[in-house]
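Notes for the one structure printed next.
Nothing in this text is a laboratory measurement; each read-out follows from the coordinates by a stated rule. No experiment lies behind these values; they were computed from the predicted model shown. Neighbour counts are summed over all protein chains in view; Cβ atoms, including those assigned to glycine, are modelled from backbone coordinates with ideal geometry.
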Amino acid sequence: MDIINKKEISGIQILRGLASLAVVLCHASFALTAYPALSGFLMNGQLGIHIFFFISGYIVIYSLLKNKYSVKYFFHFLAKRSIRIDPMYILTIFLTLASFWVFSFFPTFKGKAIPFIFQQFAAHLIYIVPFTKWPFYNHVFWTLCIEFQFYILIGTLYFVVNKWPFKAIFIIAFSLCCFINVPNSYYLLINYAPIFAMGIALIEYQMTKKNIYAICFIVCGILTYLHFDLLTLALILASAAVVVLNKKKYLILIFFGNISYSLYLIHPLVLLYLNGITRRFLPHLLSYQLIVLMMQLIFSIAVAYLFYFLIEKPSIKLSKKIKISS
């Protein structure tokens, strides 16, 4: 069963690193008013989110197959994922609330404090913000809600029947959900179903060598193109190629892959702080937008590594102690 080697898993880490850097550069690029062409190019970094979704489809199924998961261990699986992702997420929630409260006391700050409303706070903690009237404290949190929806779907339904006909039908049916027209679908799993499904189909094919999963991968790719566009499909196909064909460990990209979750969550606050500090104490730097961009990237990486070391690594170590199979 365990035929996926470490080089292929390192491909996943490379993708995580590239995707997280793309998202950071996308958000930082809004300040590049003097370089509209570069800004427009970097804004495509938002597609890094689609890479994250493809990775989740691949790696979650890989982990469950490897551990011979069954549905009776659903709450173990959920606890394992919660211990892995919640500490950094909850810390970022508190840092966001605290930061906006502090900034509200500065006359030059154009925003305002985020009021503490228990229902909104609770909705964040259990990842149901898209199903409520409350906005996200930090817009990057929306992808975590989709990931959590994916965990529930896979943990409860995908392994109900551990046979290839059921799984193949599930993959295709899941992909087709992207065409269901419902309110607020941008923040719902079904909108990104074919991207997740491409990751599922790929790992199933690699681990079983059944051609039906290759067919599922192709069908899901067609649905990704129809629902999104050719660029999105090309990006996912390129990501799949990295996973399958990668033969090397690029240490710098593995490093970015390791800190990608912390980098994704914390970089909006780093950008916010740096923007305020630059405007207040180093206004002359605002004319050197590329230098400011590099500062933002470097500081985001440094802070992300600190949080990875202090928060994520202990969380990962603890989550590994939870078994999801007999």
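Points worth noting:
- Taking the C-alpha atoms only, the angle from helix 211-227 to the longest principal axis of the chain is near 40 degrees.
- Where Rh is the Kirkwood radius over Cα pairs, Rg/Rh for the stretch 6-315: 0.98
- For the chain, the relative contact order is 33 percent, taking Cα pairs closer than 8 Å that sit 6 or more residues apart in sequence and dividing their mean separation by the residue count.
- The mean sequence distance of close C-alpha pairs (under 8 Å, at least 6 residues apart), as a share of the length of the stretch 1-123, puts its relative contact order at 17 percent.
- Fewest-first ranking of 56, 300, using other Cβ atoms within 10 Å as the exposure measure: 56, 300
- GNM remark for the chain: springs join alpha carbons under 10 Å apart, and the peak mean-square fluctuation among 248, 66, 313 falls on 248.
- Folded to 0 to 90 degrees: helix 260-281 orientation relative to the chain principal axis, Cα: 10
- Principal-axis analysis of the Cα atoms of the chain puts helix 193-208 at an angle of about 50° to the longest axis.
- Neighbour cut-off at most 16 other Cβ (10 Å), DSSP loop, trypsin sites (Lys or Arg not before Pro), the stretch 255-326: 320, 321, 323
- Within the stretch 151-280, the percentage of alpha carbon pairs spaced more than 17 angstrom apart rounds to 68%.
- Nitroxide proxy distance, nm - points 7 Å out along Cα→Cβ at residue 309 and residue 132: 3.5
- Only lysines eight or more places from residue 133 in sequence, or on another chain, were considered; those with a Cα closer than 23 Å are 112.
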